[in-house]
Amino acid sequence: MASGRSGKRGKGGAGRGGAGKGQARARERERLLTDAARVELPRHADVCVIGGGAAGLVAAIAAREAGARVVVLERDLACGRSILATGNGRCNFCNVALEPERYNHPDLASAVMGEPAEALEDVLGFFRDCGLAWAEEDGRLYPRSRQAVSVRNVLLARCWRDGVTLAPAREVLGAAHRHGRWYVRFSERWGAGAVGLTPIEGGGATRALSCGSLVLASGGGTSALAGSLGLPLVAESPALCAVAAKGPTPHLLEALDGRRAHCVATLTRAGRVILREGGEVLFRPYGISGIVSFDVSRVCRPGDMVELDLAPEVDAWEVDHLVASRPGDTAALDGILDPVIAAELIGLAGGIGMGGLAWRVAPLVKSLPFRVTGLAETERAQVTRGGVDVTAVDAATLSLADRPRLHACGEVLDMDGACGGFNLAWAWTSGLRAGEAAARE
């Protein structure tokens, strides 16, 4: 009976805990909506930025510091929340080597960002002025706190200090250019509930704002808004995500599920090398994840081969020597491979009783093959490829051809980069370029 009562208390506690979390989230939503509703919007502004994410906040700061009155309209309940998910919550905000070749449109990247050293100094100079401290890990730059919230906090603080009007919980419905000005329609995402303000997914009251220049910084997956403005679009698709693949045996991936390794991945198509990238791989039942898979996902096609060198620091001869010098020992590869991975590869090669095991194991360690079948976990993709066609963009101002005083920046454009801080570097630099140009107009 005692255990029965304990079980009831456990279930009740879990229920109360779940309810408590739900109530806490509801209170937080109400607080955010209350804060959003208190923001007093002017009827007119010099620059309106649609989107309060990474690129939008930087564009707003650049425009305000160039002398413009700036309003940011953001659909989310608070500005900058998309930054919190970057880099697994650590925010790899830049890379020390911003080569244009790391982007899908290197010519535009070069024209907008400049030389790699120049682009890096632009980003670091901006965040130095924000008061952010950072640290480097293998060429990747992180806030010293290793917390994405640090990046968001310094951006919001600079917006508030400069006098940018941040207006979250406003969903833009459309925009039109008439008589030399832009008119932006948006709906408020709140309404009066039984206790306080509650989100209204269908939209609350509809308002309008006029501005001299408009900056589109609404992020990936916003083709509907861009299309309503008559902008040429490239079909959107996920990028920087896991890769679905088949291993050399049907059950290898299931056996390796959750194991990690630092490797060099080589992607080939019909025998031709398409990409070679180093970094961490995470084995999953459907294929591979981790940094390596993210870069592979940008360029791979079904039928391509991915070969993983699971011990890039040692050569095949050393692998041969280790296995041959310890016959019958399943721990022969300790020190260079995860024990579970090592055991699976030894088994795949025939097991410790197999003659000539050493020369069978080394090829698996140095080039474990997988055939790509597609992409996986696309709902968790870090960026979206596609969006506004970059051929319609003036690199000097990021303005759109035949669209007076309309600019675009960040992920809303068909621009994506490799994993490692390149996409956020594009967001910062393109936001600076678009914001400054919009203010000058």
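The values are calculated or read from the model by the stated rules, or taken from the named source; none is laboratory data. Keep in mind the model is a prediction, meaning the values are calculated, not measured. Here the Cβ is made from the backbone with ideal geometry for all residues, glycine too, and neighbour counts use every protein chain on show. The protein model used for the area step is the full one, side chains on, heavy atoms only, and it has no ligands, DNA or RNA in it. Shrake-Rupley method; radii C 1.70, N 1.55, O 1.52, S 1.80 Å.
Here are the numbers for this structure:
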{"item": "Residue in region 35-44 that is in contact with a Gly (Cβ under 7 Å, 6 or more places away or on another chain) and surrounded by 13 or more Cβ atoms within 10 Å (Cβ to Cβ) present", "result": "no"}
{"item": "Scan of region 198-234 for residues that are among the hydroxyl-bearing types (Ser, Thr, Tyr) and open to solvent by 20 Å² or more (accessible area, probe 1.4 Å), ordered by number", "result": "Thr198, Thr206, Ser218, Thr222, Ser223, Ser228"}
{"item": "Of the criteria (1) touching a Pro at 6+ places or on another chain (Cβ under 6 Å); (2) under 17 Å from Gly420 (Cβ atoms), which one Glu307 fails", "result": "(2)"}
{"item": "Matching residues, region 123-140, being of a type in the set (A, V, I, L, M) and open to solvent by 60 Å² or more (accessible area, probe 1.4 Å)", "result": "none"}
{"item": "Some residue of region 170-193 being open to solvent by 60 Å² or more (accessible area, probe 1.4 Å) and assigned to a loop (DSSP other than H, G, I, E, B)", "result": "yes"}
{"item": "Helices (runs of 4 or more DSSP H) wholly inside region 80-162 containing at least 2 residues that are more than 14 Å from Val58 (Cα to Cα) and not small (Gly, Ala, Ser)", "result": "106-113, 116-130"}
{"item": "Residue count, region 278-292 (criterion: more than 10 Å from Val306 (Cβ to Cβ) and of a type outside the set (Phe, Trp, Tyr))", "result": "9"}
{"item": "Cβ-Cβ under 6 Å pairs, at least 6 apart or on other chains, region 364-387 side closer than 25 Å to His105 by Cβ and in contact (Cβ under 8 Å) with a residue 60 or more places away in the chain, far side in a strand (DSSP E or B) and among the polar types (S, T, N, Q)", "result": "Arg385/Ser237; Gly386/Ser237"}
{"item": "Residue in region 303-316 that is more than 32 Å from the chain's Cα centre (by Cα) and over 30 Å from Leu240 (Cβ atoms) present", "result": "yes"}
{"item": "Those residues of region 36-74 which are of a type outside the set (A, V, I, L, M, F, W, C), assigned to a loop (DSSP other than H, G, I, E, B) and over 25 Å from the mean Cα position of the chain (by Cα), in sequence order", "result": "Glu40, Pro42, Arg43, Gly67, Arg69"}
{"item": "Residues satisfying the stated conditions in region 292-317, i.e. within 23 Å of Arg259 (Cα to Cα), surrounded by fewer than 23 Cβ atoms within 10 Å (Cβ to Cβ) and of a type in the set (Val, Ile, Thr)", "result": "Val314"}
{"item": "Residue list for region 297-318, restricted to those being in contact (Cβ under 8 Å) with a residue 60 or more places away in the chain and touching a Ser or Thr at 6+ places or on another chain (Cβ under 8 Å)", "result": "Pro302, Asp304, Met305, Val306, Glu307, Leu308"}
{"item": "Residue match in region 383-392 (condition: open to solvent by less than 10 Å² (accessible area, probe 1.4 Å) and closer than 20 Å to Val243 by Cα)", "result": "yes"}
{"item": "Candidate set from region 66-112 (those that are of a type in the set (Ser, Thr, Tyr) and touching a residue at least 24 places away in the same chain (Cβ under 8 Å)); member that is least open to solvent (accessible area, probe 1.4 Å)", "result": "Tyr103"}
{"item": "Those residues of region 405-432 which are farther than 29 Å from Glu277 by Cα, open to solvent by 20 Å² or more (accessible area, probe 1.4 Å) and out of contact with any Asp or Glu (no Cβ under 9 Å at 6 or more places or on another chain), in sequence order", "result": "none"}
{"item": "Residues located in region 249-281, provided they are modelled with pLDDT of 95 or more, over 24 Å from the mean Cα position of the chain (by Cα), under 24 Å from Asp338 (Cβ atoms) and open to solvent by less than 60 Å² (accessible area, probe 1.4 Å)", "result": "Leu252, Leu253, Ala255, Leu256"}
{"item": "All positions within region 318-346 that are of a type in the set (D, E, K, R), within 23 Å of Asp257 (Cβ to Cβ) and modelled with pLDDT under 90", "result": "Asp334"}
{"item": "Residue in region 308-326 that is under 22 Å from Asn104 (Cβ atoms) and not acidic (Asp, Glu) present", "result": "no"}
